[in-house]
Structure formats: C-alpha cells, structure tokens
Amino acid sequence: MHDLSLNILGSEWIIIAFVAIILLLGTNRLPELSRKLGKAVGEYNKTKNVVQSGFQHATTGYNVSVQGPVQTERQKLEMIAKSLGIDFLNKSDEELRNIITSKMGRQNQEQGSNYPA
C-alpha cells in the first residue's frame with residue numbers, strides 16, 4: 001500500500017495559507033488586512049509588556065528563595081515569614097498568616113504610591 005497523504009512541513013503551510021488568503025480576499029484587500037493584523041499584534045505586545053511590568057513591579061521587594069520542596073503549610077508560612085523578616089517562633093499558623101498578609105499589604109500600598117498615574 002502506498003501512503004497518499006501530503007507530507008507538508010511547517011513552512012509550506014504558511015505559503016499555502018498565504019496563497020489561500022490571496023485567493024479568498026483578492027489583492028485589493030490584502031493591504032487593509034495586513035494593517036489590521038499589524039495593529040492587532042502591536043496591541044498584543046503593548047498589553048503583554050504592561051502585564052509583565054505590572055508583575056515585576058508587584059513582586060519587587062519580595063525575595064522568597066525556595067531551597068527545596070515545601071512539604072507542609074507550616075513550612076510554607078515559615079519560609080515566607082523568614083523572607084519578610086518576621087519572627088515565626090511561638091506563633092500559630094493563623095497568626096503568621098495575618099502578620100504576613102498585613103506586611104505584604106503594607107508593602108503593596110507603599111509600592112502602589114510609586115505607580116505612575
């Protein structure tokens with residue numbers, strides 16, 4: 001038996017798609033389509049950069065280093081508390097959560113005031 005399927009690789013699909021678009025839309029509408037596509041890609045890149053800079057700005061000041069897998073919730077709380085300079089000895093899990101939340105919230109508010117309007 002012969003295999004009659006097309007053996008087309010990645011770059012050939014781009015050429016086939018481009019030819020199909022030209023046949024469907026004609027050459028008159030191609031510049032308009034390419035402008036719209038360019039605007040869409042530009043908006044995507046702009047939004048991606050805004051989101052990335054937002055994440056970078058939001059995580060600035062937090063230096064949580066993970067040495068290995070965290071087995072329990074308590075280990076996770078102690079690791080975060082240690083990275084924030086919080087004394088975690090003789091504190092319950094709930095007390096640690098509250099202290100971590102308040103400290104991180106305070107740092108976010110301080111950093112938030114540095115955001116450009």
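Chymotrypsin sites (Phe, Trp or Tyr not before Pro) within the stretch 14-63: which are DSSP loop residues with at most 15 other Cβ atoms inside 10 Å? Sparse-neighbourhood loop chymotrypsin sites (Phe, Trp or Tyr not before Pro): 62. Placing unit charges on the Cβ atoms only, positive for Lys and Arg and negative for Asp and Glu, gives the stretch 10-59 a dipole magnitude near 200 debye about its Cα centre. Taking a ≥ b ≥ c as the square roots of the eigenvalues of the Cα gyration tensor, the stretch 10-59 is oblate, since a/c reaches 1.5 or more and a/b is not larger than b/c. Take the Cα of residue 90, step 7 Å toward its Cβ, do the same at residue 47, and the gap between the two points is 5.3 nm.
What distance in nm separates the simple spin-label points at residue 83 and residue 28, each placed 7 Å from Cα in the Cβ direction? Between residue 83 and residue 28, the label points sit 6.0 nm apart.
Spin-label pair residue 75-residue 35: with each label point 7 Å from Cα along the Cα-Cβ axis, the two points sit 5.9 nm from one another. Ranked by how many other Cβ atoms sit within 10 Å of their own Cβ, fewest first, the residues 82, 48 fall in the order 48, 82.
Across the stretch 16-21, coupling constants 3J(HN,Hα) worked out from phi with the 6.51/-1.76/1.60 Karplus curve, θ = phi - 60°, read 4, 5, 5, 5, 5, 5 Hz, and Gly and Pro carry x.
Where a number appears in this text, it was derived from the coordinates with a stated rule and is not lab data. Please read all numbers here as calculations on a predicted model, not as lab measurements. Counting neighbours? That spans all protein chains shown, and the Cβs are built from the backbone with ideal geometry, glycine included.
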